[in-house]
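The values are calculated or read from the model by the stated rules, or taken from the named source; none is laboratory data. Every value quoted in this text rests on a predicted model; they were computed, and no experiment measured them. Virtual Cβ from ideal backbone geometry, glycine too; neighbours counted across all protein chains shown. Just the protein is used for accessible areas: all its heavy atoms, side chains included, with ligands, DNA and RNA removed. Shrake-Rupley method; radii C 1.70, N 1.55, O 1.52, S 1.80 Å.
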Amino acid sequence: QRLKAAVHYTVGCLCQEVEEDKDVQFSKQSIAAISEITFRQCEIFAKDLEMFARHAKRTTVTTEDVKLLARRSNSLLKYITQKSEELASSNMEQKEKKKKKFSTAKGERTPGEQEAAVTENEDSNMA
């Protein structure tokens with residue numbers, strides 16, 4: 001019920017924005033109808049995502065499942081793919097930062113620092 005109320009509230013807010021932008025009015029009945037349709041469609045999406053994951057013998061829904069769900073809308077699929085790639089690159093950057101912090105905290109050198117140390121040793125050996 002709380003989720004349904006949250007959907008109704010959000011639909012109401014979105015309808016207000018459209019009213020201001022497009023100079024149209026939404027009745028309370030139309031907002032309620034849009035909310036109900038949205039909630040039902042979200043339930044269908046959730047079941048579909050669960051079935052996609054189960055079909056792949058997984059218990060976790062992945063971005064690939066979401067892309068499969070959005071396959072009928074080219075613009076939505078393009079948007080989801082773009083956001084997925086952005087998240088993946090962001091996650092990779094965070095992992096790299098964590099690795100650097102962890103290796104620095106352990107007293108290990110990063111690959112660049114190791115290379116500099118080897119070069120320094122070679123220079124001192126030549127002298």
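Considering only region 26-54, state which residues are in contact with a Cys (Cβ under 9 Å, 6 or more places away or on another chain) and either part of a helix (DSSP H, G or I) or of a type in the set (S, T, N, Q) (or both). Of everything in region 26-54, those that are in contact with a Cys (Cβ under 9 Å, 6 or more places away or on another chain) and either part of a helix (DSSP H, G or I) or of a type in the set (S, T, N, Q) (or both) turn out to be SER30, ILE31, ILE34. Under the condition of being at positive phi and modelled with pLDDT under 95, the residues counted in region 20-79 number 1. Of the residues making up region 3-22, those that are in contact with a Phe, Trp or Tyr (Cβ under 7 Å, 6 or more places away or on another chain) and closer than 10 Å to SER35 by Cβ number 3. Restricting region 18-42 to residues that are surrounded by 10 or more Cβ atoms within 10 Å (Cβ to Cβ) and among the acidic types (Asp, Glu) leaves a set whose member that is nearest to the chain's Cα centre (by Cα) is GLU36. All of GLU93, GLU113 fail the test of being at pLDDT below 95 and surrounded by 11 or more Cβ atoms within 10 Å (Cβ to Cβ), apart from GLU113.
What about LEU14, is it open to solvent by 70 Å² or more (accessible area, probe 1.4 Å) and within 23 Å of the chain's Cα centre (by Cα)?
So LEU14 fits the description; yes.
Of the numbered criteria (1) open to solvent by 60 Å² or more (accessible area, probe 1.4 Å); (2) of a type in the set (A, V, I, L, M); (3) farther than 18 Å from VAL7 by Cβ, the one LEU77 fails is (1).
Among the listed residues LEU77, LEU68, which satisfies the condition of being touching a Lys or Arg at 6+ places or on another chain (Cβ under 9 Å) and in a helix (DSSP H, G or I)?
The conditions single out LEU77.
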